[in-house]
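Worksheet: the structure to be examined is printed underneath.
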Amino acid sequence: MTQLHTDAPPIAELPVRDLESLPKVSLVPGIFRKSPFFFLSEAAREHGGFVRLNIGPKSVYLVSDPRLFQHMLRDNVRNYQKSKFLYNAAKPMVGEGLLTSEGDFWLRQRRMIQPQFHRQRIATFAHMMSDAVNDVMAVWEADDRMGGEVDLGERMAQLTVEIVSRTLFGTATLSPEDIAHLGKDMMAASNYVALRGYMPFIPHSIPVPGARRFEQAMIHLTQAVNAIIKAGEADKGDGDNLITMLLHTIDEETNERMTHKQLFDEVMTAFSAGFETTATAMTWIWFLLAQNPDVEQKMRDEVASVVGDRPPTLDDITKLVYCRQALQESMRFYPPIPMLPRTALADDVMDGYHIPQGTILLLFYHGLHHNAEYWDAPENFDPDRFTPHQSEKQHRFAYLPFSAGPRKCIGNEFAMMEGTLVLAMLLQRYRISLVEGQTVVPNLSATLKPSPGIQVKMERIER
């Protein structure tokens, strides 16, 4: 087991204590409703990496220490299941996809899907991504002749929904209008799921906004995705999109293909994960770059040196080292998925505390990434944290934007390739500046979104 501090005893050797002895924070309903993210961040910052949250008569436990993440996600991962609240909330949207499935069925699906996300495989998507970005930017430039203010999050969502639609469904399957509608429906559905699933302490009897919009969105998404799968089933399997690849994938152990329902669930899972999380990450990095112009200039210099004015290629992406570091640091600062709940399936001992069966623990990734015991000046934006030399010194579980262990995000390399390529192409074409006088705060939703949004001006760079 990796130990950051040489004088700290292994978790298993610590005296066992009751969870009641943990630092305690009582939920203040008014403050929590106004900003749950602020409430949780302050609890982690003020009281450390393992905190008891009193929610009326119940308690849940906020975790932001890398040693505890290691225990729950690797060392004793079988004991910490995704919370039934998240599972039940997400199931109407993604069925038995990789996000929600468990046990042997999950293992079978993972075994079939994993090869489609190997580096050699996702390399085939690079040209699709580049074409998608160019097409979206052409639309922007037609709309922005007067150079007005735009919503940064909406712009990044336009890019990522175009990219994920092409890589999932193919280049000729959907019209631009279809893609725009799918993106709006997916965002509405995922936001509703987040409200229900990420806050397991909110009673299910309390109405949550968006239920009717969720039902409408799922009708539209189901019709669209079923039609796309049906079209894929009719072709000869020579397409380079993910649906075609999965349609013709055979499980080596059972010699079976996915059923239509299994494929539908995995497509919905991939769409929701690949669209909104990447859009959120791209929104936050431009917000951070606008406040750190020295970092942005260094990235521009790297793109100019490696790529110049031509479209970036897959080979270029591997050479854009500083751009990748900046993207990594942005996801440390504002992790797109800031929190996931877990439930203990059996009694356990962790960090010297007895964990009773049924305990709900909130893996707080934002608190992990800002834990001052493991990060120097965590509130500073510094891409040099991710040089190879600095990364080697960091605890392996201190930085987990894609989680870790057996259920680590399967699309992590896809996302990093996409993010680096999009950054390079935007740096070639635009200067993005914040509109003055706005206040932006992180808001806990399906992803860690900026609230109320980020208004920017996008200045075209003449080449």
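The values are calculated or read from the model by the stated rules, or taken from the named source; none is laboratory data. What you are looking at is a predicted structure, and each value in this text was computed from that prediction instead of being measured. Glycine gets a Cβ as well: all are built from the backbone with ideal geometry, and neighbour counts include every protein chain shown. Calculation scope for accessible area: heavy atoms of the full protein, side chains included, ligands and nucleic acids excluded. Shrake-Rupley method; radii C 1.70, N 1.55, O 1.52, S 1.80 Å.
Once the Cβ-Cβ distance of ALA123 and ALA211 is raised to the sixth power relative to R0 = 51 Å, the FRET efficiency obtained is 0.80.
In segment 230-302, carbon and sulfur make up what percent of the accessible area (probe 1.4 Å)? Its accessible area is 49 percent carbon and sulfur atoms. Pairs exceeding a 22 Å alpha-carbon distance, out of LYS184/LYS449; LYS82/LYS393; LYS24/LYS393: LYS82/LYS393; LYS24/LYS393.
So what is the relative contact order for segment 293-362, in percent, with contacts set as C-alpha pairs under 8 Å and at least six apart? Relative CO of segment 293-362 lands at 21 percent. Calculated accessible area for the chain comes out at 46 Å² per residue, all protein chains present (probe 1.4 Å; ligands, DNA, RNA ignored).
In a reduced charge model with +1 at each Lys and Arg Cβ and -1 at each Asp and Glu Cβ, the chain shows a dipole moment near 920 debye about its Cα centre. Taking other residues whose beta carbon is less than 11 angstrom from the beta carbon of PRO401, and scoring Lys, Arg as +1 and Asp, Glu as -1, yields +1. For segment 307-376, taking the reciprocal of the average inverse distance between every pair of different Cα atoms yields a Kirkwood hydrodynamic radius of 15.5 Å. For ARG300, the solvent-accessible surface with a 1.4 Å probe is about 20 Å², rounded to the nearest 10. Excluding LEU448 itself, calculate the net charge of residues whose Cβ lies under 14 Å from the Cβ of LEU448, where each Lys or Arg counts +1 and each Asp or Glu counts -1. Neighbourhood net charge equals +1. Helix-only arithmetic for the chain: the sum of -39500 (n - 2.57) across DSSP H runs with n ≥ 4, divided by the residue total, places the mean residue ellipticity at 222 nm at -16000 deg cm²/dmol.
The residue list ILE179, PHE50, PHE264 was ranked by how far each Cα lies along the charge dipole of the chain toward its positive end, using unit charges on Cβ atoms, and PHE50 comes out on top.
Once the Cα-Cα distance is subtracted from the 0.36 nm per residue extended length, the HIS354 to GLU46 segment shows a gain of 108.6 nm.
Label-to-label distance for ASP75 and GLU102 is 2.3 nm, based on points extended 7 Å past Cα in the beta-carbon direction. Straight-line cross-link partners of LYS91 among the aspartates and glutamates, defined as a Cα under 17 Å from its Cα and at least 8 positions apart when in the same chain: GLU102, ASP185, GLU215, ASP265, GLU266. When only Cα pairs below 8 angstrom with a gap of at least 6 residues are kept, the chain shows a relative contact order of 25 percent. Please list, in order, the residues from segment 107-133 whose amide nitrogen is less than 16 Å from a point placed 7 Å along the Cα→Cβ vector of ARG257. 112-113, by backbone N distance to the label point.
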